[in-house]
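Undergrad: Before I ask anything, let me first share the structure, which is written out below as structure tokens.
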Amino acid sequence: MFGEFLSQKIEEKNFSVEDLARLAGIPEHYLRALLEENFAHLPANVFVRGYLKKIASIIEVDEEDLWQLYLKEHNNIMPPQVDMLPTNRFESKGKTIFEILRALRYVPIWAIIITAIGFILFQGKNLFGEPRLQVNSPVFENIETLENPFVLEGEGQPHSYILINGKEIYLSDDGKFSEPIQLKPGLNKIIIEASNRLGKKKTITRNIYFESSTTAPPSLPKPTE
């Protein structure tokens with residue numbers, strides 16, 4: 001069974017559904033639909049194949065094998081599509097082409113309107129919403145490391161201000177940052193804060209335990225996110 005196989009591989013990697021959805025960059029409800037073989041709540045197969053490609057890479061299974069297993073289960077469960085075309089297909093086809101050509105006259109106008117609305121919504125989100133902030137390394141909130149300095153990597157919203165433990169850092173043109181952090185022996189609490197021009201803020205915390213030759217590691221909670 002596809003769902004059982006996928007669940008087993010996720011458990012072997014010690015991932016939760018939330019962890020895998022975040023790492024693969026897919027909506028959590030789609031991942032749960034895959035695990036439950038609830039195929040009616042999934043998007044078109046072209047999108048599902050993209051999701052499975054990302055999942056296969058993370059849980060280290062063959063992408064094609066996972067896709068074929070999905071197709072086999074999908075075709076057994078989902079009913080065949082019914083041909084809903086009218087009896088006189090030639091008449092319908094001619095009418096449809098005429099309607100398409102007539103509608104195409106308004107495409108430039110609608111394109112301008114949609115572009116303008118999209119720009120307004122995008123700018124409004126950037127100005128009035130919470131600034132974008134994502135930490136890519138480390139992914140989990142609590143980790144142990146032998147690296148010192150530790151390189152903290154992430155992404156922010158261009159033209160926003162990023163502080164790491166109160167120190168301002170600078171973003172690249174594509175909004176990414178990579179900052180070496182000098183760790184002290186033992187537990188290091190790293191606070192990453194982003195703020196935009198209107199004072200909206202977002203904060204992410206990472207607890208990094210640096211194990212040196214002179215420190216004994218305390219018990220840290222398991223990695224969570």
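Undergrad: If you average 1/r across every pair of different Cα atoms in segment 133-210 and take the reciprocal, what Kirkwood value do you get, in Å?
TA: Working: mean 1/r = 0.0787 Å⁻¹.
Evaluated on segment 133-210, it is 12.7 Å.
Undergrad: Starting from the Cα of Ile143, step 7 Å along the direction of its Cβ; do the same at Asp65; then give the gap between the two resulting points in nm.
TA: Using points 7 Å along Cα→Cβ, the separation is 2.9 nm.
Undergrad: Which FRET efficiency value, to the nearest 0.05, is calculated for Asp174 and Val151 with the Förster distance at 22 angstrom and r the Cβ-Cβ distance? Before the final figure, lay out the partial values.
TA: Working: r = 17 Å, r/R0 = 0.79.
The formula returns an efficiency of 0.80 here.
Undergrad: Just the C-alpha atoms of segment 2-77: what Rg/Rh do they give, with Rh taken as the Kirkwood radius?
TA: Values: Rg = 11.0 Å, Rh = 12.1 Å.
Ratio value, two decimals: 0.91.
Undergrad: What FRET efficiency comes out for His41 versus Ala111 if R0 is 41 angstrom and r is the Cβ-Cβ distance? Round to the nearest 0.05. Don't skip to the end; give the middle numbers.
TA: On the way: r = 32 Å, r/R0 = 0.78.
It comes to 0.80.
Undergrad: Work out the length of the dipole vector of segment 2-77 about its Cα centre, built from +1 on the beta-carbon of each Lys and Arg and -1 on the beta-carbon of each Asp and Glu, and round it to the nearest 20 debye.
TA: On the way: 8 positive and 14 negative charges, 59 e Å.
About 280 debye.
Undergrad: Report the label-to-label distance for Gln134 and Ser7 in nanometres (one decimal), using points 7 Å from each Cα along the Cα→Cβ vector.
TA: Rounded to a tenth, the inter-label distance reads 2.9 nm.
No lab work stands behind these numbers, since they all come straight from the coordinates. Please read these numbers as outputs of a predicted model, since none were measured by experiment. A quick note on method: Cβ atoms are made from the backbone with ideal geometry, for glycine too, and the neighbour counts reach across all protein chains shown.
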